[in-house]
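The values are calculated or read from the model by the stated rules, or taken from the named source; none is laboratory data. Please read these numbers as outputs of a predicted model, since none were measured by experiment. Positions of Cβ are backbone-derived with ideal geometry, glycine not excepted, and every protein chain shown enters the neighbour counts. In case anyone asks, the SASA skips ligands and DNA or RNA and just uses the protein heavy atoms, side chains included. Shrake-Rupley method; radii C 1.70, N 1.55, O 1.52, S 1.80 Å.
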Amino acid sequence: QCNLTGWWENELGSRMYVSTVDGEGNFSGEYHTAVSSAQKPIKPSPLVGSQHLDEDGQCTFGFTVNWKKFSDSTAVFVGQCFSGDDGEEVLQTSWLLREKVDSLPSDWKATR
């Protein structure tokens, strides 16, 4: 059974902390990114999300990170939690990042 509560780290050294998951699957926490193109120093950023509470424990989930402490951007992540044969839990995710741009003609370069 996958449990999102606690600390997670990815291959780039970014870390995420999920404080609690309530009975509806809602959660919050902080994201500590190790990578950024922002000019300001990186700071931990708040995250909010929701997971699908599956009986088999291989839940899907999504969360939003607001980088407001050092950047004018927002990221959304979606993924699934997998339990390996050794009992280790792995989060497999995809993400989109939206950066603020100055005008509508610049919209093409705002999402990656």
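Considering each of ASP72, ASP85, ASP22 in turn, give the residue that is within 27 Å of LYS109 (Cα to Cα), without any contact (Cβ under 8 Å) to a residue 40 or more places away in the chain and not polar (S, T, N, Q). Every option except ASP72 fails the conditions. Taking the criterion of being touching a residue at least 24 places away in the same chain (Cβ under 8 Å), farther than 16 Å from HIS52 by Cα and in a strand (DSSP E or B), the residues of the stretch 90-103 that qualify are LEU97, ARG98, GLU99.
Looking only at residues of the stretch 91-112 that are more than 17 Å from GLY62 (Cβ to Cβ) and of a type in the set (A, V, I, L, M, F, W, C), we find that the one that is most open to solvent (accessible area, probe 1.4 Å) is TRP108.
Across the stretch 88-112, the qualifying residues are those that are in contact with a strand residue (DSSP E or B) (Cβ under 8 Å, 6 or more places away or on another chain) and among the acidic types (Asp, Glu), and the one among them that is modelled with the highest pLDDT is GLU99. If you go through the stretch 29-52 and keep only what is touching an Asp or Glu at 6+ places or on another chain (Cβ under 7 Å) and not in a strand (DSSP E or B), you end up with just PRO44.
With respect to (1) in a loop (DSSP other than H, G, I, E, B); (2) within 12 Å of the chain's Cα centre (by Cα); (3) small (Gly, Ala, Ser), the lone exception for GLY87 is condition (2). Residues of the stretch 70-84 that are outside any loop (DSSP other than H, G, I, E, B) and open to solvent by 40 Å² or more (accessible area, probe 1.4 Å): THR74, VAL76, VAL78, GLN80, PHE82, SER83. Considering only residues that are small (Gly, Ala, Ser) and either in contact with a Lys or Arg (Cβ under 9 Å, 6 or more places away or on another chain) or part of a loop (DSSP other than H, G, I, E, B) (or both), look in the stretch 13-28 and name the one that is most open to solvent (accessible area, probe 1.4 Å). Top of the filtered list is GLY23. Consider the stretch 34-57 and keep the residues that are touching a strand residue (DSSP E or B) at 6+ places or on another chain (Cβ under 7 Å) and surrounded by 15 or more Cβ atoms within 10 Å (Cβ to Cβ). The one that is nearest to VAL101 (Cα to Cα) is SER45.
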